[in-house]
Amino acid sequence: EMAGMNGVELAKRVRERDETSVIIFVTGYSEYIAEGYDVQALNFLVKPIDRAKLFSVLDKAARLLSKNERSISLEQKGEVYLVPLREIRFIEVSGNYVSVHAKTTLTVKKTLAELEKLLDDRFVRTGRSFIVNLTYVRRITKTDVFLSTDESVPLSRGMYEAINRALIERM
């Protein structure tokens, strides 16, 4: 209970500014659990808190934060760019070039398979030409993956179940 807003509202404001923040709710009100999924909360701890559970959740948060710090290096037009994995929304291939969509879009001469080896488990192929960062996924249909950035990525037939399963496993 806070004056003017609740924890879920605060978490929504945080999430608007930062997609990678780790959010853990600690509360005595279990009726807000469903809303916690809207802001991709890592966990929802109901008081009284079990010490072992708390440290387990904090360990998981630390692992996620350390993953968020990994970067890949990409060379474009003679310049080398370090791109944090957490900033990459999706990757697409066109001919012999791959475009990495992050804060800026970098296009490099690589194969999708080469780039895929540099990524971690938050990245999933949506077909032959696209890889998406599950952190940004907001909605999935049979034909498209919609991101929190109002972008969409095509979803190949037969990939719907796999991406849904990967998304559920990340929760």
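Report yes if some residue within the stretch 106-127 is within 19 Å of VAL39 (Cα to Cα) and not acidic (Asp, Glu); otherwise report no. Yes; the residues of the stretch 106-127 include at least one that is within 19 Å of VAL39 (Cα to Cα) and not acidic (Asp, Glu).
When LEU115 is tested against the conditions (1) touching a helix residue (DSSP H, G or I) at 6+ places or on another chain (Cβ under 9 Å); (2) under 30 Å from GLU161 (Cα atoms); (3) among the hydrophobic types (A, V, I, L, M, F, W, C), the lone failure is (1). Looking across the stretch 131-147 at every residue that is under 24 Å from LEU64 (Cα atoms) and open to solvent by 40 Å² or more (accessible area, probe 1.4 Å), the one that is modelled with the highest pLDDT is identified as PHE146. Among the residues of the stretch 54-95, those identified as within 18 Å of the chain's Cα centre (by Cα), polar (S, T, N, Q) and more than 17 Å from ILE131 (Cα to Cα) are SER66, ASN68.
Hey, does the stretch 126-135 have a residue that's of a type in the set (Ser, Thr, Tyr) and free of Cβ contacts under 8 Å to residues at least 60 places away in the same chain? Yes. Only residues that are more than 19 Å from GLU69 (Cβ to Cβ) and open to solvent by 60 Å² or more (accessible area, probe 1.4 Å) were counted across the stretch 5-21, and they come to 5.
Conditions (1) open to solvent by 60 Å² or more (accessible area, probe 1.4 Å); (2) in contact (Cβ under 8 Å) with a residue 40 or more places away in the chain; (3) aliphatic (A, V, I, L, M), marked per residue:
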site	(1), (2), (3)
ALA3	yes, no, yes
ILE23	no, no, yes
LEU45	no, no, yes
ILE49	yes, no, yes
PHE55	yes, no, no
LEU74	no, no, yes
GLU79	yes, no, no
ARG89	no, yes, no
GLU92	no, yes, no
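Have a look at VAL153, VAL83 and point out the one that is surrounded by 16 or more Cβ atoms within 10 Å (Cβ to Cβ) and modelled with pLDDT of 95 or more. On inspection, the qualifying residue turns out to be VAL153.
The values are calculated or read from the model by the stated rules, or taken from the named source; none is laboratory data. Keep in mind it's a predicted model, so treat the numbers as computed, not measured. Heads up, the Cβs are rebuilt from the backbone with ideal geometry, glycines too, and the neighbour counts pull from every protein chain shown. The accessibility values were calculated without ligands, DNA or RNA, using every heavy atom of the protein model including side chains. Shrake-Rupley method; radii C 1.70, N 1.55, O 1.52, S 1.80 Å.
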